[in-house]
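See below for the structure under consideration.
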Amino acid sequence: MTSSIESLEPHILAILTAPAIDLDKVSAKQVRAQLRASLGLGDEWVRENKAGIDALTTAVFDRVRGSQEEQGEEEQVEPANNNKRKRSAAEEDADAEYARKLASELNGHNTRGGSVGKKSSRRKVTKSAEEIEDTDEDEPKKKKSKPKKSKKQVDADGETKKRGGYQKEYALSPALAAFTGTPALSRPQIVKKLWEHIKAHGLQNPQDKREILCDDPMKSLFGVDKINMFQMNKVIGVHIISDPPQ
């Protein structure tokens, strides 16, 4: 009868993985009852092989429970991955915004993205004005104002502290390190280096300055003959490796 008991395994698995089954409440007795009903097993045969059926049920139960726990762990990891993707997308958006502003400045505000760059510039001027007010006024009426950046970045000895956030420096791929001439840069510095090279070599398409005509150094980075300026800021992310070595 052992082989017959083993043949029950797929049926037990189907019972324990059914949508309506609660593994915290299901019992071996319930499984035996469903096996009788679905397979037409005789009561006497089930009673004689109760120990073997229950042992097989326990083994299948452990497999199903373990699978559900692994799935739960994967679901817990997924939000962290989503947050990482969101941060990456936010960095790409910030790069694109910085590229629009920088391209607008380098082109004398004549690019098609110039209006966006001007809007960004106005926001920056407003922020700078608030920082100046914090410096000039001693009255404690600005409770929401943040500490000045200079105090965050310079310690008591006057040494610049390590910057984080958007100004954080990253180790660069060998190709990007060769292009920029340095092993580590922040994302804005990378974008600025790219645009300095683009302007110095006149690589913008005269008909559409958003399109970059790649020379050999830029082809080594992007592997294409031409690339859109906004796409460029996304692709450059593959050359940002990790935190720089200490």
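Coordinate-derived values only; no laboratory data. The shown structure was predicted, so the numbers you read here are calculated from the model rather than taken from an experiment. We place every Cβ from the backbone using ideal geometry, glycine too, and count neighbours over all the protein chains shown.
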message = Eigenvalues of the Cα gyration tensor times 5, then square-rooted: what semi-axes does that give for the stretch 166-246, in whole angstrom, largest first?
response = 23, 12, 11
request  = Take the Cα radius of gyration of the stretch 2-74 and divide it by 2.2 N^0.38 Å, with N its residue count; two decimals is plenty.
outcome  = 1.12
request  = Please work out how much length the chain gains when fully extended from Ile21 to Asp43, using 0.36 nm per residue of separation minus the C-alpha to C-alpha distance, in nm with one decimal.
outcome  = 5.6 nm
message = Just to verify a number: FRET efficiency for Gln207 and Ala175, C-beta to C-beta distance, R0 = 41 Å, to 0.05?
response = 0.90
query = Want the number for Lys199 to Arg36: 0.36 nm per residue separation, take away the alpha-carbon distance, what's left?
reply = 50.7 nm
query = Gln204's amide H: which non-local residues (gap 5+, or another chain) put their own amide H closer than 5 Å, with H modeled 1.01 Å from N in plane and none for Pro or chain starts?
reply = Leu213
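At a 10 angstrom cut-off on C-beta neighbours, averaged per residue, how do the peptides 34-40, 7-13 rank from highest to lowest?
Numbers: 34-40: 12.6, 7-13: 15.7.
Highest mean packing first, the order is 7-13, 34-40.
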query = Label-point separation (nm) for Gln68 and Gln167, each offset 7 Å from Cα along Cα-to-Cβ?
reply = 5.2 nm
key: Lysine pairs in the stretch 166-246 with Cα atoms under 20 Å, if 8 or more residues apart or on separate chains   = 20
remark   = Label model pair Glu9, Thr58: point-to-point distance (7 angstrom along the Cα→beta-carbon line) in nm is 1.7 nm
